[in-house]
1. Top to bottom by accessible area (1.4 Å), largest first, where do Leu238, Leu167 land?
2. Please turn the phi angles of segment 329-342 into ³J(HN,Hα) values with the Karplus equation 6.51 cos²θ - 1.76 cosθ + 1.60 (θ = phi - 60°), one per residue in order, whole Hz, x for glycine and proline.
3. Quick check: net charge around Cys271, other residues with Cβ under 11 Å of its Cβ, Lys/Arg +1 and Asp/Glu -1?
4. For Met1 and Tyr365, calculate 0.36 nm times their separation in residues minus their Cα-Cα distance, and state this gained length in nm to one decimal.
5. At 7 Å along Cα-to-Cβ for each site, give me the label-to-label distance between Ser156 and Arg200 in nm.
6. Considering only protein heavy atoms, what is the solvent-accessible area of Val383 at a probe of 1.4 Å, reported in Å² to the nearest 10?
7. Could you work out the helix-only [θ] at 222 nm for the chain, with each DSSP H run of four or more residues adding -39,500 (n - 2.57) and the total divided by the number of residues, to the nearest 500 deg cm²/dmol?
8. Taking the Cβ of Ala314 as the centre, find all other residues whose Cβ is under 14 Å away and add up their charges (Lys, Arg: +1; Asp, Glu: -1).
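The values are calculated or read from the model by the stated rules, or taken from the named source; none is laboratory data. A quick note: this is a predicted structure, and the numbers were derived from the prediction, not measured. Virtual Cβ from ideal backbone geometry, glycine too; neighbours counted across all protein chains shown. Surface areas here come from the heavy atoms of the whole protein model, side chains and all, with no ligands, DNA or RNA. Shrake-Rupley method; radii C 1.70, N 1.55, O 1.52, S 1.80 Å.
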Amino acid sequence: MPTGFGRLWTAQSVSSLGDGVSHAALPLIALTLTRDPMALAVVTAAGTLPWLLFGVLGGALVDRWDRRRTMWVTDAARAVLFAIPATAAALDVLSIALLAAVAFLLGLGGLFFDTAATAYLPDLLGRDPALLERANSRLRGAQTAMSGFAGPPAGSALLALGRAVPLLADAVSFLLSALLVRTLPAMPRPVSEVRESLLRQARAGASYVFRDRVLLGLALRPAVGNIAFLAVETVLALFAHDRLGIDTYGFGLLLTAEATGGLLGAGIASCLGRRLGTGTALTCTAAGEGLAILGLAAAPNPYAAGFALAVCGAGMGATMVLGPSLRQAIVPTHLMGRVASTSRMLAMCAAPLGAFLGGWLATTYDIRTPLYAAAGLLLAMTVVTASMTSNRRVEAALRAAAPAGDPDHAVSKVPAQESAPDLP
């Protein structure tokens, strides 16, 4: 791995730790200000609005800007941004409106940073498919460990010292990340296109996704997956309490099982890709997620439910390594930001639909119905996208993306895919 990757990995690990701190602390801080569920929902929704409103346009801007500079400037801005509610908390003037505004701006910063980081990584690694899988595996593993395991307990502990403390800790994490990203090697800017409006460039990036069957298949997986997973997440606490008899502490352990599976899935993703071929591996992980949710719905006890969630988490972890790695290997550099943001926007738009679906099904029928519906959606999505991201299509896309004069480059980097089993 290039030397610069270690700094990028460290920067994202530090930032993910801060995210885990704030993920636990912000809802608890909001609860000190109001008990109104709608007000709390506003704070949560504010963080997702930037993706819904500016997702594709943000990708077009990232494709115009220097990506390394976009990352470190965004992180520096988020560090300053966190200092605002921290100061307000220290002065006892914090409000729900201020938290919602900060959540919105943090979401906007996340849009630019995540898109720029996704577009920067292929340039750093020379668009090598094997290196991209290894890199995304390490990044995903670190994100899960920091934001899923270390961050939330730290956030709760820091909150006991005062409302401003976890906010300041997250500000420090963004500042350290910005300083590390600032030292990364500079990459050439994407070749400028013919002068076009930002809107036309954004539309071109979105249409590129919908015209390419492999990219469309990769985009459909998280979009449909978010509908299914949010339908489950909406009722999971109630399902665990009413059907499985799990208390608050046990529910935390249940979520830890899912995070543990995610960490394992990220670690074995590259191995799955080499042995099965990327296309078949993606199909198997999607099918595994659907069957795991089906098992969760039928779980007779908390142990079976924990195992089912761990299997589901492993499938999600592997998918979130293999899918982005393939996208980064086959998308032209000048379109990377727009393609990445379009895919992310589709997934973010699907999330509220899943939450509504889960609540409606549980209210209209019973608490297990959303889980059975989610499993059905995941398995149907697996069937639909299997041919779109088959090994043959993946190999053809890698060959087409190979550097000029080296047609064997893409396949030589992933030799196992020549003889890998294929699904229809």
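1. Result of the area sort, largest leading: Leu238, Leu167.
2. Taking θ as phi minus 60°, the curve returns 7, 10, 8, x, 4, 6, 10, 4, x, 5, 5, 5, 6, 5 Hz for segment 329-342.
3. Every neighbour counted, the sum reads +2.
4. Contour length minus the Cα-Cα distance gives 125.9 nm.
5. Those two pseudo-labels are separated by 5.5 nm.
6. Per-residue accessible area (Val383): approximately 110 Å².
7. -27000 deg cm²/dmol
8. -1
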